[in-house]
1. So which trypsin sites (Lys or Arg not before Pro) in the range 1-44 pass both tests, a DSSP loop state and at most 12 other Cβ atoms within 10 Å of the Cβ?
2. Among Ala40, Thr128, Gln80, whose Cα projects farthest towards the positive end of the dipole of the chain, with charges put on the beta-carbon of Lys, Arg (+1) and Asp, Glu (-1)?
3. Quick check on the range 59-104: what are the equivalent-ellipsoid semi-axes from the Cα gyration tensor, as sqrt(5λ), descending, whole Å?
4. Rounding to the nearest 10 and keeping the result within 0 to 90°, find how far the Cα-based axis of helix 67-78 lies from the longest principal axis of the chain.
5. Taking Cα pairs under 8 Å and at least six residues apart, what relative contact order does the range 34-89 come out at, in percent?
6. Can you give me the relative contact order of the range 5-105 as a percent, contacts being Cα pairs under 8 Å and 6 or more apart?
7. Compute the helix-to-body angle for 108-130: its Cα long axis versus the longest principal axis of the chain, expressed 0 to 90° and rounded to tens.
8. Given 25 °C and 0.890 mPa s, how large is the Stokes-Einstein diffusion coefficient of the range 22-81 in µm²/s, with Rh as the Kirkwood radius over Cα pairs?
Amino acid sequence: MALFGHEVKSIKTGHISLKGAFVVLKKTQKSLPEVYLINAHVPLYKYAASQVKSYDPDRPRKLLLRKSEIQHLIGKKQEQGLTLVPLKIYTKHSLIKVEFGIGRGRKKVDKRDLIKKRDVERSLRTLTKRR
């Protein structure tokens, strides 16, 4: 990932939220598109607050990938309904790496079925606790 110095320190201390984050391929004038992490919230490092004037914690961050990895993502993204979702962020030596997966979104009918199953399981758990 391409980050500022204070963002690196904030991430290494464990202050990052991937809730609602996703990965996007943005086309450029070059031959391959660039890969960006969108909606990942990295709060300002507490000791850099006096030095950084304007900072957007939800800014898009460029992911640094190899050409073969980008071509693989392009092939997967062309399949209809696939989304790139970040799963976790970890450090390896001095680098910060993002692990993301390729997932298929649920349809409206599937969501309703999932909600019904959760309700049934919840009611069964409450009934078994009472006995």
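1. Details: sites: Lys9, Lys12, Lys19, Lys26, Lys27, Lys30; in loops: Lys19, Lys27, Lys30.
Counting only loop positions with at most 12 other Cβ atoms within 10 Å, the trypsin sites (Lys or Arg not before Pro) in the range 1-44 are Lys19, Lys27, Lys30.
2. Thr128
3. Details: eigenvalues 92, 33, 18 Å².
Whole-Å semi-axes of the equivalent ellipsoid: 21, 13, 9.
4. Long axis of 67-78 versus the principal axis of the chain: about 40 degrees.
5. Details: 36 pairs, mean separation 21.1, N = 56.
Relative CO of the range 34-89 lands at 38 percent.
6. Details: 152 pairs, mean separation 24.8, N = 101.
Reported as a whole number, the value is 25 percent.
7. For helix 108-130, the angle is close to 60 degrees.
8. Values: Rh = 13.6 Å.
Diffusion coefficient, whole number: 180 µm²/s.
Bear in mind these aren't lab numbers, they're just calculated from the coordinates by the rules spelled out. Note that this is a predicted model, so its numbers are computed, not measured. Don't worry about glycine lacking a Cβ; one is built from the backbone with ideal geometry, like all the others, and counts go over all protein chains shown.
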